[in-house]
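Here is the structure we will look at.
Read-outs: derived from the displayed coordinates by stated rules, not from any lab. As the structure is a computational prediction, the values presented were derived from the model and not from experiment. Quick reminder, even Gly has a Cβ in these numbers, built from the backbone with ideal geometry, and neighbours come from all protein chains shown.
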Amino acid sequence: MATKKWVLDSAHSEIQFKVKHLVISTVTGSFSEFSGEATTPDDTFQGGEISVTIGASSANTNNEKRDEHLKSEEFFDAENHKSLTVKTKSIKQINDDEYTILADLTIKGVTKEVAFKGEYGGIAVDGYGNRKVGIEITGKINRTDYGLNWNAVIEGGGLTVSEEVKLIGNLQFTEQ
């Protein structure tokens, strides 16, 4: 079984985050700058490795004022911490298209292990003859574990921004 190398196709991938605002609605954001690679023992991710680097200053929630706040010291501190990183520690296939993934996530210089669920998208060949593989990765973190502590108490005692953040990565890789 030969090892395969893959490069993240950022034009056909997306990395998003979702967080509750005022406990009543969800704000979705994304990152527009990221790169990554994968190494797999075959055409599945079982036993493989994935690493992704995300530009902290590329956070976008479609609200300029909020985006600037996310890039500030109170959140990502993008001036001093240029990137967020994800590096898998293990990828285990549960069935044909489901995986459990353990990865180290680093934000603002703090690294914590995160459990993700993976959904295998399969293999396809594009119109140029390039082999592609896709996976959707989902997980949750507590943002305060990474020093993203800003908040304000609202009427009734709730928080402006939830501490729980959902992470979603739809990743497409091109075989090298």
Got a sec to turn the phi values of the range 137-149 into Karplus ³J(HN,Hα) couplings, 6.51 cos²θ - 1.76 cosθ + 1.60 with θ = phi - 60°, whole Hz, x for Gly and Pro? 10, 10, x, 9, 9, 9, 4, 5, 4, 10, x, 8, 9
Please find the FRET efficiency linking residue 43 to residue 104, where r is the Cβ-Cβ separation and R0 is fixed at 35 Å, and quote it to the nearest 0.05. 0.90
What residues qualify as long-range amide H neighbours of residue 83, i.e. H under 5 Å apart, gap of 5 or more or another chain, H built at 1.01 Å from N? 56
With the convex hull built on the alpha-carbon atoms of the range 1-44, volume per residue in Å³ sits at 96
Excluding residue 164 itself, calculate the net charge of residues whose Cβ lies under 15 Å from the Cβ of residue 164, where each Lys or Arg counts +1 and each Asp or Glu counts -1. +4
Just the Cα atoms of the range 4-175: what Rg and Dmax do they give in Å? 16.9, 58
Between residue 142 and residue 160, with labels modelled 7 Å along Cα→Cβ, what's the label distance in nm to one decimal, could you check? 2.2
Pairs 4/82; 20/108; 71/92: which exceed 32 Å Cα-Cα? 71/92
Around residue 119, with a cut-off of 11 angstrom between Cβ atoms, what is the net charge of the other residues, counting Lys and Arg +1 and Asp and Glu -1? -3
With x for Gly and Pro, the residue-by-residue ³J(HN,Hα) of the range 161-167, computed from phi through the Karplus equation 6.51 cos²θ - 1.76 cosθ + 1.60 at θ = phi - 60° and given in whole Hz, is 10, 4, 6, 7, 10, 8, 10
Å³ per residue of the Cα convex hull, for the range 32-80? 102
